[in-house]
Ligand SMILES: NC(=O)C1=CN([C@@H]2O[C@H](COP(=O)(O)OP(=O)(O)OC[C@H]3O[C@@H](n4cnc5c(N)ncnc54)[C@H](OP(=O)(O)O)[C@@H]3O)[C@@H](O)[C@H]2O)[C@@H](O)CC1
Ligand SMILES: Nc1ncnc2c1ncn2[C@@H]1O[C@H](COP(=O)(O)OP(=O)(O)O)[C@@H](O)[C@H]1O
Ligand SMILES: [K+]
């Protein structure tokens, strides 16, 4: 699914109005009706206070209020006083006047505000995607009032005060903290940043039937990785395929005391379709790998403890380095030498391989084009330094990816795959149960298998994070968030592939 900047959404709205064709008031009615249909079963019989602004977000709020009133809900409307209501908002205000029970408070000062019980649901329709500056004055007062009530707030389209993309210069006091956000047609970029979760709460997309032609025509740099995107990226097997055509991958992972990382990565790689897997392990640990992953071949390092050498790379269709290798000087030297011999072979670097590169900046220049790096936030910080906010973090990632022509996978909720072109893919799968030791090692194995099958690096990264998150979601259904461990993600890989194909 595409993610658009809010200015493109306005363009798609306008195109829909002209080409469906549909009157803008009727498009607003359709959006509000779909919103009502979602809210009605969730909040049956609860009293509502609907807060509306002068723009079209307020128009949605007023249309929704009419629907709530007609369905018998106790509904009070608070309208921010304004001399210039949008045409459709004015029309919806007019329509409300024909409903006997409607109570519209024109907000001028705090004394005007209704009293609220803990049972109330507040609907926030103050500002939507038309917001163009931080809130102040009466609008700010209303947001602060809503936030201080400590009752459930539902935001229409976007929490009022939150910008759709960059909130760097915003006033955090002037943003609604919603329990839920129902957003029209597309997620907004700012919803995908961890720091904005306290504003959006749980968010959901409501399809309002915007014009598919315009949606496919307008280009964007941002995508939400859904099943369709992933399915189109995954290769099919032909009936004549054999293990020699499914890729021979090399995994360099583990060190004395950290062999779990290597085992998890190796298992995940085998469960993600690699034809053959060789794992490079320290001498004293090779029995662990043989016993834990009998399907893997083992290349035994001369060192008892860590990665210090690697086999001839020409045998391998892709190479993965990092989980559990440590950052001792011999491993640093070995990684440096590996980067000198890698040529243009597909490469994924994770965990300590990233930490080593962060500590040895000259190695950044040796990264082959298209290499995939999968840092978690701590590793990414070591690589590029601090950032002030998540928008800036994304900018830094785009800069790094472009400068070094690599693919960055920023892990976390909505894991983000950043391509050298600046295109960003945000993952839609995964859950907090995956915040557990070794789940990143599993991702490395999955992507390595895909790279080994000659998938383009960006495709392997995008499909890999989706399958990884989906396997985590499937595992979570039976394990729950607390009990979920990395091995459960591996066990669910089969179902994840089957469900995606
Ligand atoms: N288009 C469609 O067909 C559909 C649209 N839909 C709905 O419309 C919403 C977008 O509507 P919108 O563009 O009217 O924006 P919205 O946020 O309600 O108001 C912006 C107005 O406020 C003003 N303003 C801005 N910042 C301000 C500030 N800090 N403090 C004070 N004022 C500020 C600014 O005017 P300005 O003051 O800059 O002249 C502007 O006029 C969208 O989120 C969705 O809910 C759906 O119904 C589906 C169909
Ligand atoms: N809240 C979350 N929602 C979705 N995915 C998550 C969440 N927390 C962690 N994950 C996923 O789990 C993995 C954790 O990776 P990482 O921190 O490298 O773990 P480890 O180093 O223990 O292997 C990442 O792929 C990340 O996207
Ligand atoms: K809103």
Can you find, within the range 147-166, the residue that is farthest from ligand 1 (Cβ to nearest atom) among those that are crowded, with 24+ Cβ neighbours inside 10 Å and outside any loop (DSSP other than H, G, I, E, B)? 153
Can you tell me how many residues in the range 91-116 are exposed (fewer than 10 other Cβ atoms within 10 Å of the Cβ) and part of a loop (DSSP other than H, G, I, E, B)? 4
Sole exception among (1) closer than 29 Å to residue 140 by Cβ; (2) away from ligand 3 (no atom under 16 Å from the Cβ) for residue 17, by number: (1)
Pairing a residue in the range 80-99 that is assigned by TED's automatic domain parsing to the domain that holds residue 58 with any residue that is at pLDDT below 95 and surrounded by fewer than 16 Cβ atoms within 10 Å (Cβ to Cβ), where Cβ atoms lie under 6 Å and the two sit 6 or more apart in sequence or on different chains, gives 81/108
Matching residues in the range 443-469 (within 20 Å of residue 316 (Cβ to Cβ) and within 11 Å of ligand 2 (Cβ to nearest atom)) number 6
Could you name every one of the strands (runs of 3 or more DSSP E) located completely within the range 278-376 that has at least 3 residues being surrounded by fewer than 19 Cβ atoms within 10 Å (Cβ to Cβ) and either free of Cβ contacts under 8 Å to residues at least 60 places away in the same chain or not assigned by TED's automatic domain parsing to the domain that holds residue 465 (or both)? 297-300
The range 478-501, residues that are surrounded by fewer than 12 Cβ atoms within 10 Å (Cβ to Cβ) and modelled with pLDDT of 95 or more: 478, 480, 482, 498
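Among the residues of the range 125-133, are any more than 16 Å from ligand 3 (Cβ to nearest atom), farther than 23 Å from residue 180 by Cβ, assigned by TED's automatic domain parsing to the domain that holds residue 159 and without any contact (Cβ under 8 Å) to a residue 60 or more places away in the chain?
Quick first cut of the range 125-133, residues more than 16 Å from ligand 3 (Cβ to nearest atom) only: none.
Checked against the condition, which is being more than 16 Å from ligand 3 (Cβ to nearest atom), farther than 23 Å from residue 180 by Cβ, assigned by TED's automatic domain parsing to the domain that holds residue 159 and without any contact (Cβ under 8 Å) to a residue 60 or more places away in the chain, the range 125-133 yields no hits at all.
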Of the residues that make up the range 411-419, is at least one free of Cβ contacts under 8 Å to residues at least 24 places away in the same chain and either away from ligand 1 (no atom under 16 Å from the Cβ) or under 20 Å from the mean Cα position of the chain (by Cα) (or both)? no
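Out of 25, 9, which single residue is surrounded by 14 or more Cβ atoms within 10 Å (Cβ to Cβ), closer than 23 Å to residue 123 by Cα and within 16 Å of ligand 3 (Cβ to nearest atom)?
Working: 25 fails: within 16 Å of ligand 3 (Cβ to nearest atom).
9 is the lone residue from the list that is surrounded by 14 or more Cβ atoms within 10 Å (Cβ to Cβ), closer than 23 Å to residue 123 by Cα and within 16 Å of ligand 3 (Cβ to nearest atom).
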Residue 440 fails exactly one of the following numbered conditions: (1) in contact with a helix residue (DSSP H, G or I) (Cβ under 6 Å, 6 or more places away or on another chain); (2) touching a residue at least 60 places away in the same chain (Cβ under 8 Å). What is the number of that condition? (1)
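The values are calculated or read from the model by the stated rules, or taken from the named source; none is laboratory data. It should be emphasised that the depicted structure is a prediction, and the values quoted were computed from it without experimental measurement. Neighbour counts are summed over all protein chains in view; Cβ atoms, including those assigned to glycine, are modelled from backbone coordinates with ideal geometry.
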